[in-house]
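A short reminder: the numbers here are calculations on the coordinates, not readings from a lab. Please read all numbers here as calculations on a predicted model, not as lab measurements. Cβ coordinates were reconstructed from backbone atoms using ideal geometry, including for glycine residues, and neighbour counts include every protein chain displayed.
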């Protein structure tokens, strides 16, 4: 290798090439910074998701412990049984008696007679007149 080989392999960079290289570097730095920003945002969101799971898990465990100590057997919310009756005169009394036979303390039975053409209403009135509130 003779003299000047270095200059042939690595020619001098002119002013315009320096400008292009500087612009290229700025673009790459911006792109790199944008990638780092996205990575930070994603990791933050993942961190909040994990934190949410931990907090809700702890709250679920606490709720489970509290529900064990509460006397759930004493809790008897009111229950309403709605019995639709359309031309049910032959069986409506047995159906209502079956519902009333429950030993549930806060039970209410409502019979909805929506225009029966048989003796449904009459049978109910005769049998359960004393239960009407």
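Taken over region 34-79, the criterion of being assigned to a helix (DSSP H, G or I) and under 30 Å from residue 100 (Cβ atoms) is satisfied by 72, 73, 74. When you look at residue 115, is it part of a loop (DSSP other than H, G, I, E, B) and surrounded by 13 or more Cβ atoms within 10 Å (Cβ to Cβ), yes or no? It is false that residue 115 is part of a loop (DSSP other than H, G, I, E, B) and surrounded by 13 or more Cβ atoms within 10 Å (Cβ to Cβ).
Condition check ((1) in contact with a helix residue (DSSP H, G or I) (Cβ under 6 Å, 6 or more places away or on another chain); (2) more than 30 Å from residue 127 (Cβ to Cβ)) across all residues:
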site: 35; (1), (2): no, yes
site: 77; (1), (2): no, no
site: 89; (1), (2): yes, no
site: 93; (1), (2): yes, no
site: 98; (1), (2): no, no
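For region 80-100, a tally of residues being surrounded by 12 or more Cβ atoms within 10 Å (Cβ to Cβ) and either touching a residue at least 40 places away in the same chain (Cβ under 8 Å) or part of a helix (DSSP H, G or I) (or both) returns 8.
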